[in-house]
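Visitor: Got a structure for you, questions after.
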Amino acid sequence: MTADDRRAAVLCGIGAWVPPRVVTNDDLVQRLNTTDEWIRARTGIRERRVIEPGMSTCTLAVEAGTRALKSSGDAVVDLVIVATTTPDHPCPSTAPEVAHRLGLTGVPAFDLNAVCAGFVYALATAAGHIAAGSAERVLVIGADAFTTMLNPNDRTTAAIFGDGAGAVVLRAGTADEPGALGPFDLGSDGSNADLLIVPAGGSEQRGSGLPVDPADLHFRMDGQPVFRNAVMRMSESAGKVLERAGWRIEDVDRFACHQANARILSAVARNLAVEQDRVVMNVDRVGNTVAASIPLVLADAAATGDIAPGHRILITSFGAGLSWGSTVLTWPEVEIG
Ligand code: UT7
């Protein structure tokens, strides 16, 4: 068997969804001690989407999943993975309900939490199932209602995050086909877990028996070291995956980097020597959507034609954990759901 005959996971469907409610920077100025100029200059974000009462991560995931299945031309899969940090409940996981609402009751379904790197981790997991022969078609969803974890009065986080979901369908194919995913590079650094954290609400705090400080139920982030780690880890990881794939940086037609902050995207692109016009970007319109970030920006760019069939795509992501992950694919002929 040659390398190109290897069984591989091939992208054959993609869809995305953001809730209709737009929150502009000016909307935040009324609540936070901030300005539109500060948010635009420091993050590149103009507006974000936020769920309304009655919506949850499951709502976002079902909308994106429906579109991805439609795009793939077949509503049947044999595994559903939902990458999320904001499950509808601490228990059970959200994926079984998502699968049920998609008409996939009975199909194995589980959540995967690697925060902003979750979608790339989920792609790698799905690709592993396909390579091992334990799945033929996998629905991979990245969905987060991350605004529900924020302290609405904390200007260091409330200006940055938004809600949304994106999804892809992967089918079994071969490594030489357009849409074939991989290789992957994944990594983590738990020594820096405190840099992005929700301190309470988990077993550590519950097991302590101590009263909960309500402030500890919200996400907090130490922005500057996170910024530095994000640039370093995504630059390194993207470099490693290129080497494993045997691609040179000149081979990359489009660079899809986790949409955390326009300045982070520029810094990573500069480190890799990727020109700005090869970097796909929607952080200005959706902010940081955590696990949804990568599939949302891929779907957006493919919908406008900025990503086109035959383009060689480099993907890299980074988030709390710390966790990071990268992969590559050549964009296939696929309709956006
Ligand atoms: O997806 C997970 C990965 N997350 C990230 O990659 C986020 C990485 N970090 C960042 O994107 C940036 O660090 C931030 C956008 C969060 C902050 O930008 P910064 O340029 O690093 O600002 P800073 O934290 O150094 O703060 C500078 C000043 C501070 O005021 P003082 O102490 O100098 O008086 C902050 O209090 O800016 C202040 N500040 C704000 N001012 C107006 C922080 N947030 C805001 C705000 N509006 N929203």
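Visitor: Just by accessible area at a 1.4 angstrom probe, what is the order of Thr156, Thr105 from largest to smallest? Numbers along the way, then the final one.
Guide: Values: Thr156 75, Thr105 100 Å².
Sorted by accessible area, descending: Thr105, Thr156.
Visitor: Put a dot 7 Å past each Cα toward the Cβ at Arg270 and Arg312; how far apart are the dots in nm?
Guide: 2.5
Visitor: In 20 Å bins starting at zero, report the fraction of Cα pairs in the chain per bin as a rounded %.
Guide: Distribution as computed: 34, 59, 7, 0 percent.
Visitor: Rank these residues by their accessible area, most exposed first, probe 1.4 Å: Trp38, Trp17.
Guide: Values: Trp38 135, Trp17 45 Å².
My answer, sorted largest first, is Trp38, Trp17.
Visitor: What does the accessible area of Leu32 come to, in Å² to the nearest 10, when a probe of 1.4 Å is used?
Guide: Looks like 10 Å² after rounding.
Visitor: What is the extension gain from Arg6 to His100, computed as 0.36 nm multiplied by their sequence separation minus the C-alpha to C-alpha distance, in nm to one decimal?
Guide: Values: separation 94, 0.36 × 94 = 33.84 nm, distance 3.24 nm.
That pair, Arg6 and His100, stretches by 30.6 nm at full extension.
Visitor: As a test of reading the structure, rank Val107, Val140 by solvent-accessible area (1.4 Å probe, protein chains only), most first. Working shown, then result.
Guide: Working: Val107 35, Val140 0 Å².
Per-residue accessible area, sorted high to low, gives Val107, Val140.
Visitor: Tell me the angle of helix 262-272 to the major Cα principal axis of the chain, expressed in degrees between 0 and 90 and rounded to the nearest ten.
Guide: It works out to around 40 degrees.
Visitor: Follow-up question, since we're still on this one. State, to one decimal in nm, how far the label point of Asp176 lies from the label point of Ala132, with both points 7 Å from Cα in the Cβ direction.
Guide: 2.8
Visitor: Separate question: Under a point spin-label approximation (7 Å from Cα along Cα-to-Cβ), what is the Lys70-Arg244 distance to one decimal in nm?
Guide: Placing both labels 7 Å beyond Cα along the Cβ direction yields 3.4 nm.
Visitor: What do you get for Rg/Rh over the range 3-174 if you use C-alpha atoms and the Kirkwood form of Rh? Could you put the intermediate results ahead of the total?
Guide: Details: Rg = 17.6 Å, Rh = 16.8 Å.
Here the Rg-to-Rh quotient is 1.04.
Visitor: Counting only the heavy atoms of the protein chains, how much of Glu236 is accessible to a 1.4 Å probe, in Å² to the nearest 10?
Guide: Roll a 1.4 Å probe over it and Glu236 shows about 90 Å².
Visitor: Can I ask one more? Could you tell me what percent of the accessible area of the chain is made up of carbon and sulfur, with a 1.4 Å probe and every protein chain present? Let's see the in-between values first.
Guide: On the way: 7090 of 13910 Å².
For the chain, the apolar C and S fraction of the accessible surface comes to 51 percent.
Visitor: In Å, what Kirkwood hydrodynamic radius results for the range 184-330 from the alpha-carbon pair distances? Write out the running numbers ahead of the final one.
Guide: Working: mean 1/r = 0.0613 Å⁻¹.
Mean inverse Cα-Cα distance, inverted, gives 16.3 Å.
Visitor: In a shell of Cβ-Cβ distance under 15 Å around Leu298, excluding Leu298 itself, what net charge do Lys and Arg (+1) and Asp and Glu (-1) give? Each step should come with its number before you reach the end.
Guide: Numbers: positive: Arg67, Arg254, Arg278, Arg285, Arg312; negative: Asp253, Asp300, Asp306, Glu333, Glu335.
With Lys, Arg at +1 and Asp, Glu at -1, the neighbours total 0.
Visitor: Also: If you fit an axis through the alpha-carbon atoms of helix 293-304 and take the longest principal axis of the Cα set of the chain, what angle between them do you get, 0 to 90°, nearest 10?
Guide: Once rounded, the angle reads 60 degrees.
Visitor: Still on this structure, I have one more. For a label point 7 Å from the Cα of Asp78 along Cα→C-beta, name the residues of the range 164-182 whose backbone N is under 20 Å from it.
Guide: In the range 164-182, the label zone of Asp78 (backbone N under 20 Å from the point 7 Å along Cα→Cβ) covers 168-175, 180-181.
Visitor: Let me ask something else. In the range 1-91, which trypsin sites (Lys or Arg not before Pro) are in a loop and have at most 10 other Cβ atoms within 10 Å, using DSSP for the loop call? It would help to have the intermediate numbers written out before the result.
Guide: Details: sites: Arg6, Arg7, Arg21, Arg31, Arg40, Arg42, Arg46, Arg48, Arg49, Arg67, Lys70; in loops: Arg6, Arg21, Arg31, Arg46.
Those that pass, being in a loop and sparsely packed, number zero.
Visitor: Right, another one. So if R0 is 35 Å, what FRET efficiency would Ser188 and Gln30 give, r being the distance between their Cβ atoms, rounded to the nearest 0.05?
Guide: On the way: r = 38 Å, r/R0 = 1.10.
Efficiency computed from Cβ-Cβ geometry: 0.35.
The values are calculated or read from the model by the stated rules, or taken from the named source; none is laboratory data. Because the structure is predicted, anything quoted here is derived from the model rather than measured. Positions of Cβ are backbone-derived with ideal geometry, glycine not excepted, and every protein chain shown enters the neighbour counts. Only protein heavy atoms, including side chains, enter the accessible area calculation; ligands, DNA and RNA are left aside. Shrake-Rupley method; radii C 1.70, N 1.55, O 1.52, S 1.80 Å.
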